[in-house]
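The values are calculated or read from the model by the stated rules, or taken from the named source; none is laboratory data. These numbers were taken from a predicted model, which means no experiment stands behind them. Methodologically, a virtual Cβ is constructed for each residue, glycine included, from the backbone with ideal geometry; neighbour enumeration extends over all protein chains shown. The accessibility values were calculated without ligands, DNA or RNA, using every heavy atom of the protein model including side chains. Shrake-Rupley method; radii C 1.70, N 1.55, O 1.52, S 1.80 Å.
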Amino acid sequence: NLVIFGCLLIRHPASVRVPIFYRIIAWGSAILPMLMRAEIHANIMDWSALALSICGTLIVGISCIDLGRSFGVSPALRPYVESGIYRHSKHPMYLGHILMELGILIAEPSLRNFSILAVSWLLYRFRIRLETQLIKSIILH
């Protein structure tokens, strides 16, 4: 969380902002997974859930660091990053979030957690499409 907060503090200002609807989707997809709940039990599923969550957390942290001043919650035109982990994937941060959320679902398989995960994944797909459009517009300019 400190890495993300730090990246938000030093980010480039957006040269073009997206409509409010897209910003609400972005912030909603960032906040929604925080509603997931898991209790820790001492069994093998919790160890695998913990491993997934740790891997996801590391990927998100590395993604934030590699984005540096280009990080933002809401999609916007900022400098395009192709180095670090972004050399291998266009959207590694979403992969990290999905791994963390999948770990929570494995640790606590409930309708609530499954529903939140399903909605989160849909929101991530929407965000990826929007960000891909923004990336294409950056490359074309």
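The figures follow:
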item	result
Count of region 48-93 residues which are under 29 Å from Ala107 (Cα atoms), part of a helix (DSSP H, G or I) and of a type in the set (S, T, N, Q)	4
So Ala107, is it over 25 Å from Ile65 (Cα atoms) and modelled with pLDDT of 90 or more	no
Qualifying residue in region 105-115 (condition: closer than 22 Å to Met36 by Cα and charged (D, E, K, R))	yes
Which listed residue is touching a residue at least 40 places away in the same chain (Cβ under 8 Å), within 12 Å of the chain's Cα centre (by Cα) and open to solvent by less than 50 Å² (accessible area, probe 1.4 Å), from Ile135, Ile98	Ile98
Test result for Arg129, assigned to a helix (DSSP H, G or I), surrounded by fewer than 17 Cβ atoms within 10 Å (Cβ to Cβ) and not acidic (Asp, Glu)	yes
In region 67-85, residue farthest from Ser29 (Cα to Cα) [restricted to those that are modelled with pLDDT of 85 or more and open to solvent by 30 Å² or more (accessible area, probe 1.4 Å)]	Ser83
Restricting region 101-120 to residues that are closer than 24 Å to Ile25 by Cβ and of a type in the set (S, T, N, Q), the residue that is most open to solvent (accessible area, probe 1.4 Å)	Ser115
